[in-house]
Structure formats: structure tokens, C-alpha cells
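Contents: one structure, followed by commentary.
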Amino acid sequence: YTHTSVAIRDALAAVALPAYQSYTLRAKTSELLLAASAARTDVTENSQNLGAVSGTGITAPGAGGKVSAASVGAGTGIITVNGTNSEFAGTTVVAVLTPSWNATARTVIWSCSVTPANLEPSSCRQD
């Protein structure tokens, strides 16, 4: 290696490695949202039957893999999924799916947010 090629390699590594690590953490965050998909479907169906948002009787995703804990708000239908810290490089990651009732369409509109925001997958971004 010449000094120039070593410098170029080091510069690329300085940019590429953090970008790759960020990408993999966002991909893992997407898996948290995927883990909540069954509960999301159940909340939507339950709400459509009742004509308003309801999470009553809905089972939260179980802990395991990338999920350390999860819950479904009975009155709100809000689904919260906590990531397993060891899967996220020691970072506490929380994904929240929030339903709102659209009376005209008689369905639920979902929004999501992730803490920390820099790990929010593109499916949650509002830009």
C-alpha cells in the first residue's frame, strides 16, 4: 500500500462504517415495528367493529429476539415495543404505533415514532 491508498482507505472507513452501523440499527428498528404488526391488525379490526379506537383485549407482542417488552393500551390502542438493548448496541430503543380513528373512512390511521429519532425507519418518517 502507498500512503495515498492507506489515507483513502481510512477516509472511506471513517464515513462508511458509521453509515453502515446506522443502517443496521434502523433495520433492526423496522423489526420492532414488524413484531407489532399482528397487534396493529387486531387493534384496527377491533376499532372497526366498535366504531372507535380500542385496544381492549388485544395481546401485545411477546418478548424475545429484538423485543424486550411490549404493551397495547386498552383504551388508546397505542402499541409500544421496547427493543432489547444488546441488539441495539446498548441503546434504549422504543417504537410507538399510535392509532387515530377516521370516522369518514371508518378505519384506523396509524402513525409511528421511534426513540431515539435517528433510528426511525423510513416507514415512520413524515417528510
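The values are calculated or read from the model by the stated rules, or taken from the named source; none is laboratory data. Just so you know, these numbers come straight off a predicted model, no measurement behind them. With ideal geometry, Cβ positions are generated from the backbone for all residues, glycine too; neighbour counts draw on all protein chains shown. Accessible surface areas use protein heavy atoms only, side chains included; no ligands, DNA or RNA. Shrake-Rupley method; radii C 1.70, N 1.55, O 1.52, S 1.80 Å.
The table for this structure:
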read-out	value
Whole-Hz ³J(HN,Hα) from phi, Karplus 6.51 cos²θ - 1.76 cosθ + 1.60, for segment 56-73, glycine and proline x	4, x, 8, 8, 6, x, x, 6, x, x, 7, 9, 8, 6, 8, 8, 10, x
Extended-chain gain in nm, criterion 0.36 nm per residue less alpha-carbon gap, THR115 and ASN85	9.5 nm
J(HN,Hα) series, segment 43-52, from Karplus relation 6.51 cos²θ - 1.76 cosθ + 1.60, nearest Hz, glycine and proline x	5, 4, 5, 4, 5, 5, 5, 8, x, 6
Segment 31-41 - phi-based ³J(HN,Hα) in whole Hz, Karplus 6.51/-1.76/1.60, Gly and Pro as x	5, 5, 5, 5, 4, 8, 5, 5, 5, 4, 4
Carbon/sulfur fraction of accessible area - the chain, other protein chains in place, 1.4 Å, %	56 percent
Sequence-distant residues sharing a close amide H with THR84 (under 5 Å, placed H)	VAL67, SER68
Among (i) 1.15; (ii) 1.51; (iii) 1.37, the entry that matches Cα Rg over 2.2 N^0.38 Å as calculated here	(iii)
Simple label model, 7 Å out from Cα along Cβ direction - THR104 to THR41, nm	2.8 nm
